[in-house]
Amino acid sequence: MHPLLNLIEQGMMMSNLSATKQSSPRMTKDGMLCSLIIMMAALAYLLMLSGLALWLLQTYDAPHVLLAVGGIVLLTSIGLLAGWIGFKTYKAKRIEKTLRSLLDESNEAVDGISAKLDEIFGENVGKAILLSALTGFIISRKLT
């Protein structure tokens, strides 16, 4: 066997036998598949641009062909950038909407609890003071 293969094999074995905590894999299977698809799409895009350039070179001068292919690449990059910005904006708005609805629901719950507490302790202030003191005592015990 090649000596470099032995070194790689030993390094892989040593990394698996180390006493430190095993690190989680960097990519999941879905992430690897997505990366593979993106790389294949990029390769296909480059091959299509190369084919287009070769086809255009049969009828046009090289500067015109380079200008056309460069324009196609520029338009593609602008389209990808616009799509990425649109996706980020959509995601931010969706998170904001979720947080806003959660905040509204929690405000309604606090208002409902506050109304119930006012109803229960509004007539008897002594019970409210006693409950507050008892709650403070329990919290102080839990914190220390």
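For this structure, a couple of remarks:
- When segment 88-122 is limited to residues that are more than 30 Å from Ser132 (Cβ to Cβ) and among the small types (Gly, Ala, Ser), the one that is modelled with the highest pLDDT turns out to be Ala92.
- Scanning segment 17-55 for residues that are among the polar types (S, T, N, Q), at pLDDT below 90 and not in a loop (DSSP other than H, G, I, E, B) yields one hit, Ser35.
The values are calculated or read from the model by the stated rules, or taken from the named source; none is laboratory data. Everything quoted here is computed from the prediction, not taken from an experiment. Note that each Cβ is placed from the backbone with ideal geometry, even for glycine, and that neighbours are counted across all protein chains shown.
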